[in-house]
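For reference, the structure discussed in these notes is given below.
Coordinate-derived values only; no laboratory data. Please read all numbers here as calculations on a predicted model, not as lab measurements. Backbone-built Cβ (ideal geometry, glycine too); neighbour counts: all protein chains shown.
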Amino acid sequence: MQFSEIPGLEGLKNQLISAHNRGKVAHAQLFAGRPGTAVLPMALSYATFLMCENKTDQDSCGTCPNCVRIKKLVHPDIHLHFPKISAAESKYEKVLAEAIPRFREFVIESPFGDLDAWTRKYGQENKNILISREDSRQMLRNVSMRSVEGGYKILLIWVPELMNPSSANAILKILEEPPEKTLYLLVSYNYDNLLATITSRTQLVNIPPNTEEEVKAYLLQRGADAAKAEQAAKLSEGKIGLATHLAEAGESQEYEDFQKWMLECWNKNLTGLVRRSEDFSKSGKGAQKTTLNFAISLIRNAVVSASGQAAPTQNDAEASFIKKFSDKLELVRLEKVYALLNESFIHLERNSNPRITHLNLSLEIIRVLNG
Ligand SMILES: [Zn+2]
């Protein structure tokens, strides 16, 4: 990837480039930001920049042999580590051989994708995935190998917070005493969950969300139609990964589903709600989070609009929904629904039972709507 493929964030790009130009490349860096933001694209563009044979003041060239191989994620001196299903030592090679081509495809297709997008692509939505003890042994082997091309050797560790504690401890030593020209790029969405002993050994590179305008421009450039791009950008909170998903995966379907759900709550349609919670629990963790994320964004916009703050621009469907919703529901109740949705999202992240969580949420929403 090249820096030019990431919209905005120019200050951050310049900071990375100028550290290189001053000979101040930290050997262990922690790229951190919210899921769906440019965390992985920034780390990949940086790695490409460092390895490029014809770099300019602003970016890698995109065409030299190193750039081309990194673009395909097949550069022999860039070692990718990422969460996958755990495997006994004897099965590890097989699991790795199956996961790597899928991971390459995933990153090339959707570099802004988050962990849920990866598990969907990997086909392991309801399994626990992690960076295992075997993976950390692999890292140690990578570190002990010589660089093939004689330049930098980079270990890119995606979602290091999913390292199990023994693998995290195993890599502490290599983080502390790296061989010359060996770089560690950790790409994290929740670095609070990393061991403090790891974060303290890395330099933090904080990746902020993009602006709504940047997200919209990105979607338009990828061929989304104008209304869809606008709507998805507005709901995305600056997360290009989420916006892309909303724009490409039939956001209007999600919108319709949400309306039906609220209607069932309004009408106290318990049979419908029980069925809905069952469908929800079968849909896989990624889809569950997307459903709630979508509802959270929509209600947040309704809250903003109802409280008379800067009313976000809306398309017709959303405007009419918000009008209907806020006509019947005063601000304080909208805020309660918003809080309930957020709570359920947190429960889900902590692996609560999705069927029960969703049904409880519906019952609570009934109480708020009809209270
Ligand atoms: Zn190049």
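Could you list log10 I(q)/I(0) for the range 250-370 at q = 0.15, 0.16, 0.19, 0.21 Å⁻¹, which the Debye formula gives when each Cα is one point scatterer? Evaluating at q = 0.15, 0.16, 0.19, 0.21 Å⁻¹ gives log10 I(q)/I(0) of -0.65, -0.74, -1.05, -1.28. A Cβ-based charge dipole, computed about the Cα centre of the range 1-90 with Lys and Arg at +1 and Asp and Glu at -1, lands at about 100 debye.
When you count, for each residue, the other Cβ atoms within 10 Å and take the mean per peptide, how do 215-222, 14-21 rank with the highest first?
With the highest mean Cβ count within 10 Å placed first, the list reads 215-222, 14-21.
Model label points for residue 24 and residue 91, set 7 angstrom from Cα along the Cα-to-Cβ axis, are 4.8 nm apart.
For the chain, the longest principal axis of the Cα atoms and the long axis of helix 212-221 meet at an angle of about 70 degrees. Suppose we take every Cα in the range 136-200 and form the convex hull; what volume per residue is that in Å³? Hull volume normalised by residue count: 81 Å³.
Its Kirkwood hydrodynamic radius, worked out from the mean inverse distance over all distinct Cα pairs, puts the range 86-179 at 14.6 Å.
With contacts taken as Cα pairs under 8 Å at a separation of at least 6 residues, the range 3-206 carries a relative contact order of 31 percent.
Counting only Cα atoms, the size of the range 185-311 along its three principal axes is 55, 35, 32 Å, in decreasing order. Thinking of the range 51-135 as a set of Cα atoms, what percent of all their pairs are more than 17 Å apart? Tail of P(r) above 17 Å: 55 percent of Cα pairs. For the chain, the residue among 101, 171, 329 whose Cα projects farthest onto the positive side of the dipole built from Cβ charges is 171.
Could you state the angle between the C-alpha long axis of helix 354-370 and the longest principal axis of the C-alpha atoms of the chain, as a value from 0 to 90 degrees rounded to the nearest 10? Between the helix axis and the principal axis of the chain, the angle is about 40 degrees. Both radii come from the Cα set of the range 3-206: Rg as radius of gyration, Rh as Kirkwood radius; their ratio Rg/Rh reads 0.93. Per the Debye calculation on the range 63-108 with a single equal scatterer at every Cα and no solvent contribution, log₁₀ I(q)/I(0) for q = 0.14, 0.21, 0.30, 0.31 Å⁻¹ amounts to -0.40, -0.75, -1.12, -1.16. Ordering 211, 136, 198 by the projection of their Cα atoms onto the charge dipole of the range 102-246, which places +1 on the Cβ of Lys and Arg and -1 on the Cβ of Asp and Glu, puts 136 at the extreme positive end.
Once the cut-off is 38 Å, how many percent of the Cα-Cα pairs in the chain end up in the long-distance tail? Roughly 24 percent, rounded to a whole number.
The long axis of helix 10-21 is offset from the longest Cα principal axis of the chain by roughly 10 degrees. Charge dipole of the chain (Cα centre as origin; +1 on each Lys and Arg Cβ, -1 on each Asp and Glu Cβ, all else neutral): 760 debye, rounded to the nearest 20. Pairs 216/239; 84/127; 228/285; 121/239; 24/153; 91/289: which exceed 21 Å Cα-Cα? Cα-Cα > 21 Å for 228/285; 91/289; rest within.
Volume per residue of the convex hull around the Cα atoms, evaluated for the range 1-122, comes out as 119 Å³. From its DSSP helices (H runs of at least four residues, each -39,500 (n - 2.57)), the chain gives a residue-normalised ellipticity at 222 nm of -18000 deg cm²/dmol.
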